[in-house]
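Undergrad: Here it is, the structure, as structure tokens.
The values are calculated or read from the model by the stated rules, or taken from the named source; none is laboratory data. Model, not experiment: these values are computed from the prediction. Note: ideal-geometry Cβ built from the backbone for every residue, glycine included; neighbour counts use all protein chains shown.
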Amino acid sequence: MNLKKLVYAPLVAIFLLNMAAAQGSGGFNSLVAALSQFCVSIKTLVPMAAMLMIVGAGALYAVGQMMGAETRARANVWATAMLIGAVIGVLIVVIAPPFLNYLYGGGNSVSC
């Protein structure tokens, strides 16, 4: 199975479930409710995933140091990629609430 599908499928599913949960009041209010729920989901799931990526990167780096030169180099690249992914996840958690409030600001602010 394609790795991108494994990564993007849960994110799309969470987004679609949040959009479906906001059905009811209709119009712009349901969109704001869906974005609020999506923001809450981001603030709860992404930090846990980032922490797991940091721990996984450390374990991968440590195991890679016990292997041969080629495997050690690959393990370093993979561990670096995991750390960069964790940093991007933390940046998403920090930037998403102000961005959503700016995007849908005014009287109907997104509560995060």
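Undergrad: Assuming Ile88 fulfils every condition listed in (1) closer than 21 Å to Tyr8 by Cβ; (2) at pLDDT below 90; (3) within 17 Å of the chain's Cα centre (by Cα) apart from one, which condition is it?
TA: (2)
Undergrad: Okay, moving on. For residues that are among the charged types (D, E, K, R) and surrounded by 13 or more Cβ atoms within 10 Å (Cβ to Cβ), scanning just the range 29-73, find the one that is farthest from Val93 (Cα to Cα).
TA: Among those residues, the one meeting the criterion is Arg72.
Undergrad: Quick one: is Ile42 under 26 Å from Val87 (Cβ atoms), within 12 Å of the chain's Cα centre (by Cα) and at pLDDT below 80?
TA: Working: under 26 Å from Val87 (Cβ atoms): yes; within 12 Å of the chain's Cα centre (by Cα): yes; at pLDDT below 80: no.
No: the conditions fail for Ile42.
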